Amino acid sequence: MKFSGKIFLKPICFLIFSILVGYELYGFIVKENQTYGLDNYNPYYKTFIDKEVIILGKQIETLQSVARDLDSTQSSLNEVKNQCVHTRKAFKRLEGILSYYFPKHVNAYINGAPLDHVSPLPTSKDFEKASYYLGSIDDYKNSLPLDMLEAGHYSGETFTILAPEGLQRIDELLFVGGGYRAKSELVDLTGRLNASFKILKNTVLLRKYYFDFEIIESSRLDLIRILSKGITGFDTPGSLNAIEEASVSLQGLEEILKPLIDASSTYKKSLKDRFSGAQKFIKKNRDFDTFDRLTFIKSYLNPLYKELLLLQQELDIPSSAEKYNQTASWNAQSVNVFANDFLNPYYYSILKNKDDSSELRQLGKKLFFDKNLSHSQTVSCASCHNPKLAYSDGERTSKSSIIGETLTRNAPSLINSIFSDRYFYDLRAFDLENQVEHVIVNHLEYNTNIEAIVGKINKDDAYQEDFKNIYQSQSINRYQLSAALASYVISLRSFNSDFDKYMRGEISSLNSNVKRGFNLFMGKANCATCHFAPTFSGLIPPLYQENESEVLGVLKKPGSFIVDSDPGRINNGVDKDNQEIFNKSFKTTTVRNTTLTAPYFHNGAYNSLEEVLEFYNLGGAQGIGLYYEVPNQTLASEPLNLTDDEIQDIIAFMTALNDINVDISY
């Protein structure tokens with residue numbers, strides 16, 4: 001008898017993976033026992049999590065079953081819809097925990113955005129080249145959660161584009177359209193969801209210990225998720241069942257936190273009252289469009305976020321960043337989602353906090369405004385990033401160092417630009433220091449190179465003295481130059497607008513049109529499903545470690561019915577981004593200080609925020625019928641039906657995000 005190598009390797013593959021899982025979990029336990037102590041874990045957590053993950057698994061199996069039985073009757077479709085709602089609620093009770101331990105797997109297979117995306121795993125062709133893998137790519141993928149696989153270890157030459165899958169896509173398919181016509185896709189999606197979740201469930205059930213610091217940290221992150229993604233409708237694109245799901249999420253949080261809340265002598269009653277108050281508020285305000293998100297965040301979510309930190313401090317529970325001496329993106333010591341220190345700028349930069357200083361920042365500022373560093377000695381960083389214009393330049397596309405020519409894109413604000421994992425509209429630079437080099441070598445900008453600039457600085461007595469005072473070295477190098485510029489850009493942070501102060505309780509009033517505008521921004525207008533609070537950019541919560549880009553179909557000029565020709569991200573020189581799904585895809589920039597930074601979009605073709613909001617109100621390029629021109633648009637094409645008054649309210653809210661406290665002197 002002839003045996004297939006792949007069939008023979010399958011059981012071996014799974015045996016090895018089972019051993020690895022056990023070893024991985026055992027190693028984790030040993031490490032935790034040494035650094036934290038098994039007396040700091042509570043068996044309640046495992047009982048709760050195991051029970052919930054089994055319930056969720058059964059709900060997913062039922063969803064798959066009713067999808068298979070779907071017929072052309074309305075009652076059958078309603079049954080599938082109702083089961084989708086029940087399944088999503090079961091997920092929401094456990095989302096904080098599952099996303100804390102397995103964020104990649106949850107995002108890729110369980111509840112990711114309903115968009116085509118690049119596969120996180122190598123293609124079958126590339127996989128076969130890596131001889132150290134056993135079995136097939138499907139064996140590998142289905143052995144462990146994505147977070148525990150070496151997904152990026154073997155970087156292939158080709159990439160697979162995957163269709164959306166998971167609960168968000170199922171929600172969209174059932175509640176926006178499809179019905180019985182979509183049965184085959186629903187059956188496929190629910191089957192894939194079931195298979196992907198079983199991998200997660202089995203791994204969760206193997207785990208023996210959960211620790212206090214993990215539970216309280218995952219809970220605070222889940223509050224951020226509810227605030228920034230849950231109540232905005234981000235992951236309920238079809239049903240818009242976001243408010244009811246927020247209630248379920250809070251129920252799950254309160255239950256898993258029970259041992260910690262009960263252990264508190266100070267916050268036990270107040271935390272129970274806050275959870276109860278939040279539920280009562282939701283019960284009275286269930287409509288998606290009219291839900292008062294501003295009051296809900298200010299009066300319930302932010303106070304819960306702060307009080308859980310106080311509980312953590314009372315019980316002397318460390319953060320994961322403290323335990324493992326990490327530079328985290330999210331600051332676990334922050335007391336408000338709109339606090340100045342909510343995010344850690346040094347996570348996003350090669351420059352670290354211990355190496356930064358006011359002297360380095362002032363040196364960076366000097367370099368930022370020095371035109372002599374460019375080849376023509378006519379441009380500086382400030383030429384395109386004027387402090388008086390919130391570090392933009394007011395031009396449609398920026399002026400270049402060559403008379404009569406301009407750059408190809410509009411200059412975005414540099415305020416809060418540090419909060420990003422990739423830079424430029426096309427995301428071609430992967431760190432702030434790399435972004436600087438792109439500007440320096442561009443023949444339309446500095447038209448030089450790092451070495452030449454370093455050479456100039458080493459010949460300048462004043463610069464030599466400045467650098468020597470900081471670095472105590474005789475010769476200046478490129479890393480010191482980059483660090484100085486990074487230090488200055490890091491200082492350009494804006495979280496002191498009137499809106500921020502109101503949300504932190506530092507001022508007591510906010511104009512009613514601003515409040516209405518925020519609620520529209522976070523709800524009916526769909527702005528916050530791409531411009532996530534509190535940065536109001538495309539930096540994705542709750543960890544804020546990855547930027548998204550969007551295909552909007554921006555027009556050459558408003559009302560032209562001609563789509564701008566800039567290819568965007570697809571042409572940024574990054575192999576993985578050279579995919580049709582990224583054609584005309586651009587970074588989602590912040591709307592903070594946006595009323596100071598006209599004109600708008602990457603091409604600077606829109607002169608007013610009214611023009612911008614009308615573009616969104618119509619549904620982008622596809623909304624005005626340009627499906628053929630922009631087939632991969634990620635912006636929803638359905639009109640928002642915003643009134644003129646509602647548009648003005650949204651603009652009032654964005655105006656309240658202006659921050660006059662950022663340094664504009666030069």
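Please treat every number below as a calculation from the coordinates, not as lab data. Model, not experiment: these values are computed from the prediction. For neighbour counting, all protein chains shown are included, and Cβ atoms are generated from backbone atoms with ideal geometry for every residue, glycine included.
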Open item on the list: Restricting everything to alpha-carbon atoms, can you work out Rg to Rh for segment 211-324 with a Kirkwood hydrodynamic radius?
Closed with: 0.99
Open item on the list: What is the sum of charges, Lys and Arg at +1 and Asp and Glu at -1, for the other residues whose Cβ falls under 14 Å from the Cβ of GLY277?
Closed with: +3
TODO: Using the charge dipole of segment 211-324 (Lys, Arg: +1 at Cβ; Asp, Glu: -1 at Cβ; taken about the Cα centre), state which of GLY252, SER320, SER239 has its Cα farthest towards the positive end.
DONE: SER239
Task: Modelled FRET efficiency - R0 51 Å, GLU638 with ASN372, Cβ distances, 0.05 increments - done: 0.45
Open item on the list: On a straight-distance basis, which aspartates and glutamates could pair with LYS141 in a cross-link, Cα separation under 18 angstrom, same-chain partners fewer than 8 positions away excluded?
Closed with: GLU24, ASP126, GLU128, GLU150, GLU165, ASP188
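My understanding is that a pair violates if its Cα-Cα distance is over 29 Å; which of LYS258/LYS515; LYS201/LYS352; LYS92/LYS183; LYS81/LYS283; LYS258/LYS354 do that in this structure?
Too far apart for the 29 Å limit: LYS258/LYS515; LYS201/LYS352; LYS258/LYS354.
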Open item on the list: Run lengths n ≥ 4 of DSSP H only: what is the helix-derived mean residue ellipticity at 222 nm for the chain, with -39500 (n - 2.57) per run over all residues, to the nearest 500?
Closed with: -14000 deg cm²/dmol
Task: Estimated distance in nm for a label pair at SER357 and ALA462, the labels positioned 7 Å out from Cα along Cα-to-Cβ - done: 2.0 nm
Task: In sequence order, calculated HN-Hα J values of segment 103-110 (Karplus, 6.51, -1.76, 1.60; Hz; x Gly/Pro) - done: x, 5, 5, 4, 5, 7, 10, 9
Task: Simple Cβ-charge dipole of the chain, Lys/Arg +1 and Asp/Glu -1, about Cα centre, in debye nearest 20 - done: 1100 debye
- [ ] Calculate the spin-label point distance for LYS104 paired with VAL118, positioning each point 7 Å from the Cα along the beta-carbon direction, and give it in nanometres.
- [x] 1.4 nm
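What is the gain in length, in nm to one decimal, between GLU395 and ASP147 on full extension, counting 0.36 nm per residue of separation less the C-alpha to C-alpha distance? All intermediate terms of the calculation are to be shown ahead of the outcome.
On the way: separation 248, 0.36 × 248 = 89.28 nm, distance 4.40 nm.
Fully extending the segment from GLU395 to ASP147 adds 84.9 nm.
Listed here are the pairs LYS298/LYS584; LYS51/LYS89; LYS298/LYS365; LYS371/LYS468; which of them are more than 26 Å apart at the Cα?
On the way: LYS298/LYS584 37 Å; LYS51/LYS89 15 Å; LYS298/LYS365 36 Å; LYS371/LYS468 22 Å.
The answer is LYS298/LYS584; LYS298/LYS365.
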- [ ] Please give the net charge around LYS268, taking every other residue with its beta carbon less than 13 angstrom from that of LYS268, where Lys and Arg add +1 and Asp and Glu add -1.
- [x] -1
- [ ] Could you give me the radius of gyration and the Dmax of segment 306-372, taking only the C-alpha atoms into account and expressing both in angstrom?
- [x] 16.2, 56
TODO: Could you pull the Rg and Dmax for the chain, using just the Cα atoms, both in Å?
DONE: 26.0, 83
TODO: Could you tell me what fraction of 2.2 N^0.38 Å the Cα radius of gyration of segment 441-524 comes to, as a two-decimal ratio?
DONE: 1.87
Task: Residues of type aspartates and glutamates that LYS268 reaches as a straight line, Cα spacing below 17 Å, ignoring anything fewer than 8 places off in the same chain - done: ASP212, GLU254, GLU255, GLU307, GLU314, ASP316
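With Cβ to Cβ distances under 13 Å as the rule, what net charge do the other residues near ASN353 carry (K, R +1; D, E -1)?
Details: positive: LYS352, LYS354, ARG361; negative: ASP341, ASP355, ASP356.
Here the count lands on 0.
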